[in-house]
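Following: one structure in structure tokens, then a few remarks.
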Amino acid sequence: MPHTASLGGVDVPVTWSPDDAIGMMQEAGVVGAGGGGFPTYKKYETAPRLLIVNAAESEPGYYADKLLLRDEPEALVDVFDYLDACFSMDVAIIGAEEVAKPYLEELQELAEDLRKFSVGYFEPKYKYGEERALCRELLGWEIPASDLPIDHGIVVNNNETLWNVYNAVFRAEPVTTKFTHFYGEVEPLTVYEAPIGTLLEDLFAIHGSDIDDHRDHQAWDGGPILSDKVADPIADNPKAPVTRTTNALLVADPDKHPKNRYYPDPDYEHNAIDAPWAPDEIVNIEDEVDRVRIPRTDAVGKPARLTIEEGESVDEGQALGHPADGLSVGLHASIPGRVREIADDYVEIQR
């Protein structure tokens, strides 16, 4: 990718200018990966004073954030430090559930050595994934229901969002993949790093599950507690895509409403490291996906202004569109190939 900076093989920030960093986040297509889809750059336009890293994964069966914190602690510390310095913020706090401690051992050591940020733990309750509840638990601050944390100088980003910020400002790489859980009536529970636009039916094939065995099941975008139904039954919408906010595609029996008494297991209590369903890695499937339908409207705000045409060849990471006027972010090819179709709500690419 152009503009990537390195020093002795180590990534270094492309810019220390707040305005340039904001522009890079916007162009790279960084949005709230935790499910909200709010353009991240907009939060940093408000001159925040405090960064809270939302590492709470209270949805039953969610492990991606914990695995990312375990596998990329130095990169995440670098981006915490970068944002703190670039935007002159006072402090950074990581908020995580107590059951996440085994995943955060190296990150905790880095926090103690650098003394530039802290880690706060709390009991695993779903409410702590909500920004106001997280601020109350970590800071003792009550944010009025009519306000957002950013109205009080607090930026709340989840781990994957900050990983995407790291890639944008340290590597000049856009958002092209999503960490997505695939589970429910399919086993084992797996966390994939999937190209944005990966189709549900292709995820079944890569997982080694026969979609015909699940044609009468439902597919939900999200976990057992909070999710949106995207296929009911799956046979009616096998091409439901992975979006920039798809934390999970949950395959559910229609006779079992996907609440935590069913998924990931009837004996579920917490997302503990020693749970029998706990995955031990994030599986990258970028090279296994031959077609994608990249959503044009999966982020809050206006869709990007497309700059490509049907039939055009594109490289992975190439801009398909630039931010429109107003609240908007860029859109990029998640695989190399040819643009087969441009629809109102997606761009389809085939290798």
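The values are calculated or read from the model by the stated rules, or taken from the named source; none is laboratory data. This is a predicted model, so every value here is computed, not measured. Methodologically, a virtual Cβ is constructed for each residue, glycine included, from the backbone with ideal geometry; neighbour enumeration extends over all protein chains shown.
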Q) Of all residues in the range 224-251 being within 16 Å of the chain's Cα centre (by Cα) and of a type in the set (S, T, N, Q), which is surrounded by the fewest Cβ atoms within 10 Å (Cβ to Cβ)? A) S227
Q | Any chance T15 is farther than 25 Å from S118 by Cβ, modelled with pLDDT of 90 or more and not in a strand (DSSP E or B) | A | yes
Q) Any residue in the range 59-70 that is farther than 21 Å from G223 by Cβ and either of a type outside the set (D, E) or surrounded by 24 or more Cβ atoms within 10 Å (Cβ to Cβ) (or both)? A) no
Q) How many residues, within the range 242-279, are farther than 20 Å from D210 by Cα and in contact (Cβ under 8 Å) with a residue 24 or more places away in the chain? A) 17
**Q.** Matching residues, the range 18-36, being surrounded by fewer than 21 Cβ atoms within 10 Å (Cβ to Cβ), modelled with pLDDT of 95 or more and assigned to a loop (DSSP other than H, G, I, E, B)
**A.** none
(Q) Can you confirm whether E160 is charged (D, E, K, R), out of contact with any Ser or Thr (no Cβ under 8 Å at 6 or more places or on another chain) and outside any loop (DSSP other than H, G, I, E, B)? (A) yes
Q. Which of the residues that make up the range 314-328 are of a type in the set (A, V, I, L, M, F, W, C) and free of Cβ contacts under 8 Å to residues at least 24 places away in the same chain?
A. A324
(Q) Take V292 and tell me if it is aliphatic (A, V, I, L, M) and surrounded by 17 or more Cβ atoms within 10 Å (Cβ to Cβ). (A) yes
(Q) Regarding the range 314-321, can at least one residue be identified that is at pLDDT 95 or above, surrounded by fewer than 15 Cβ atoms within 10 Å (Cβ to Cβ) and not in a loop (DSSP other than H, G, I, E, B)? (A) no
Q: With the checklist (1) part of a helix (DSSP H, G or I); (2) modelled with pLDDT under 90; (3) more than 18 Å from the chain's Cα centre (by Cα); (4) not polar (S, T, N, Q) in hand, flag the one item I150 doesn't pass.
A: (2)
Q.
Checking D221 against (1) touching a Ser or Thr at 6+ places or on another chain (Cβ under 6 Å); (2) more than 17 Å from A64 (Cα to Cα); (3) without any contact (Cβ under 8 Å) to a residue 40 or more places away in the chain, only one condition comes out false. Which one?
A. (2)
Q: Scan (1) among the aliphatic types (A, V, I, L, M); (2) part of a helix (DSSP H, G or I); (3) out of contact with any strand residue (DSSP E or B) (no Cβ under 9 Å at 6 or more places or on another chain); (4) under 26 Å from A299 (Cβ atoms) for the single condition A47 breaks and write down its number.
A: (2)
**Q.** Residues within the range 89-133 that are touching a residue at least 40 places away in the same chain (Cβ under 8 Å) and within 27 Å of P18 (Cβ to Cβ), tallied
**A.** 9
Q: Quickly run through the range 182-221 and pick out the residues that are part of a loop (DSSP other than H, G, I, E, B) and either touching a Leu at 6+ places or on another chain (Cβ under 7 Å) or β-branched (V, I, T) (or both).
A: V186, I196, T198
Q) Restricting the search to the range 230-285, which residues are under 28 Å from D71 (Cβ atoms) and outside any loop (DSSP other than H, G, I, E, B)? A) P241, A248, L249, L250, V251, I282, V283, N284
Q) Can you find even one residue in the range 117-130 that is farther than 30 Å from Y263 by Cβ and of a type in the set (A, V, I, L, M, F, W, C)? A) yes
**Q.** Output for the range 134-159, where each listed residue is of a type in the set (G, A, S) and in contact (Cβ under 8 Å) with a residue 12 or more places away in the chain
**A.** A145, G153
Q. Filter the range 295-313 for residues that are touching a residue at least 40 places away in the same chain (Cβ under 8 Å) and outside any loop (DSSP other than H, G, I, E, B); which is surrounded by the most Cβ atoms within 10 Å (Cβ to Cβ)?
A. P295
